[in-house]
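**Q** Below is the structure I would like to discuss, written out as structure tokens.
The values are calculated or read from the model by the stated rules, or taken from the named source; none is laboratory data. As the structure is a computational prediction, the values presented were derived from the model and not from experiment. Glycine also receives a Cβ, built like all others from the backbone with ideal geometry; neighbour counts cover every protein chain displayed. Ligands, DNA and RNA are excluded from the accessible area calculation, which covers all protein heavy atoms including side chains. Shrake-Rupley method; radii C 1.70, N 1.55, O 1.52, S 1.80 Å.
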Amino acid sequence: MIEFKKVCPEEIDAIVRIEQSGFTPEEAGSKATFIERIKNFSETFWVAVEDDEIRGFICAIRTNARYVEDWMYEVQAKPDDSGKYLNVLSVAVAPEYRGNHIGSDLLINLEKIAKKLGIDGISLTCLESKVGFYEKNGYSNKGKSSSEHAGEIWYNMEKEL
């Protein structure tokens, strides 16, 4: 059975491996970036674990920005503890466990955390090929993002709470 828990620094190698398996080198966060995210996003960085193995993770930054902005991907990005939005920077599932609802379960878990924190909404950006997945999970497509991250065309997805 899958359990959800806050990420631990010792899990960095598994996090980076999963991230790199789901994103291009230009899109993926670096090990240095994830070390900082583990330190700075302790309330909103969760892993899905089964049989003592990380199957996937979700990482979000708390801000007052409605949508994800490129500065949030910087290593030194810091959350705003009074922020009313969670901006998801990464949802990733290990390749061998994709298609088992782990990504959806991670989104549901983050929504529960967001409600406890008094968050008004959760947003993320995704490639066009992933829009349908997020819509199935209750997110609304708000159109193309201004993000230039990795030179891709991203779409703003939002779920109001």
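**Q** Mean-square fluctuation check for the chain, GNM, Cα pairs under 10 Å: which of 83, 132, 121 is largest?
**A** Answer for the Gaussian network model of the chain: 132.
**Q** Something else about it: Sticking with the crude label model, points 7 Å out along Cα→Cβ, report the distance from residue 5 to residue 146 in nm, one decimal please.
**A** Each label point lies 7 Å from its Cα, and together they span 4.1 nm.
**Q** Suppose only helical runs count, i.e. DSSP H with n ≥ 4. What mean residue ellipticity at 222 nm does that imply for the chain under -39500 (n - 2.57) per run, divided by all residues and rounded to the nearest 500 deg cm²/dmol?
**A** -8000 deg cm²/dmol
**Q** Here are a few candidate values for Cα Rg over 2.2 N^0.38 Å: [x] 1.12; [y] 1.41; [z] 0.94. Which one was actually calculated from the structure I just gave you?
**A** It is the one labelled [z].
**Q** At 1.4 Å probe size, with the rest of the protein present, what percent of the exposed accessible area of the chain is carbon and sulfur atoms?
**A** On the chain, the fraction of accessible area on carbon and sulfur atoms equals 49 percent.
**Q** Report, in listed order, any pair from 112/136; 115/144; 31/116 with a Cα-Cα distance greater than 25 Å.
**A** Pairs exceeding 25 Å: 115/144; 31/116.
**Q** Moving on to the next point. Cut-off 14 Å, label point 7 angstrom out along Cα-to-Cβ of residue 133: give me the residues of segment 32-65 whose amide nitrogen falls inside.
**A** What the label zone holds, given the 14 Å backbone N cut-off, is 56-59.
**Q** Let me ask something else about it. What distance in nm lies between label points placed 7 Å from Cα along the C-beta direction at residue 108 and residue 65?
**A** 3.0
**Q** Would you calculate the separation in nanometres between label points at residue 100 and residue 81, each defined as 7 Å from the Cα along the Cα-to-beta-carbon direction?
**A** Here the answer is 3.7 nm between the modelled labels.
**Q** Another question, if that's okay. Determine the per residue accessible area of the chain with all protein chains present and a 1.4 angstrom probe, expressed in square angstrom.
**A** 50
**Q** A further question on this structure: So how far, in whole Å, is the C-alpha centre of segment 41-66 from the one of segment 108-137?
**A** 12
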